[in-house]
1. Helix 61-88 against the longest principal axis of the chain: what's the angle in degrees, Cα atoms only, rounded to the nearest 10?
2. What list do you get for Asp23, Asp3, Asp43, Asp30 if you sort them by fewest beta carbons within 10 Å?
3. With +1 on each Lys and Arg Cβ and -1 on each Asp and Glu Cβ, how big is the dipole of the chain about its Cα centre, in debye rounded to the nearest 20?
4. Between Asp23 and Val82, what FRET efficiency follows from the Cβ-Cβ distance if R0 is 22 Å, with the result rounded to 0.05?
5. Please list, by residue number, everything in the stretch 36-57 whose backbone N is under 16 Å from a paramagnetic label point 7 Å out along Cα→Cβ of Ala74.
6. In the chain, with Lys and Arg counted as +1 and Asp and Glu as -1 at Cβ, which of these residues, Pro60, Ala37, Val82, has the Cα nearest the positive end of the dipole, that is, farthest along it?
7. Grab the DSSP H runs of the chain that are 4 residues or longer, score each as -39,500 (n - 2.57), total them, divide by all residues and round the 222 nm result to the nearest 500 deg cm²/dmol.
8. Could you work out how far helix 33-54 tilts from the main Cα principal axis of the chain, as a 0 to 90 degree angle to the nearest 10?
Amino acid sequence: MPDTVNLIIWLIAGLAGGFAVGDLLKGDFDLGPTQSAPAGAVDGVIGAKIFQLLIPSFIPIVGQIIAAAASGAALTVVIGAVIRRRQRR
């Protein structure tokens, strides 16, 4: 179970990753700020927790921030692609 500080770090890093990818990919994968923020935050927590379980000795805060931001960005793109594909049908 992550402590509160880790959870806050993961949420903020995931938010940053979601916003960054939404800003960089204005077009097919953009969810808009109201949808990319919660998607990035939730995905940041999930991705950082998975990363922490896979590599338990990789505890430094910088690694957690990178993992949360990258997973928040990556999964926001995946969600955006799925939503856009479903809208085109």
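1. 20
2. By the 10 Å Cβ count, ascending: Asp3, Asp23, Asp30, Asp43.
3. 460
4. For R0 = 22 Å, the calculated efficiency reads 0.65.
5. 40-56
6. Final value for the positive-end residue is Val82.
7. Using -39500 (n - 2.57) per qualifying helix, the result is -28000 deg cm²/dmol.
8. 40
All of the numbers you see were taken from the coordinates with simple rules; none came from a lab. Just so we're clear, the structure is a prediction, and the values are computed from it rather than from any experiment. Note that we place each Cβ from the backbone using ideal geometry, even for glycine, and neighbour counts take in every protein chain shown.
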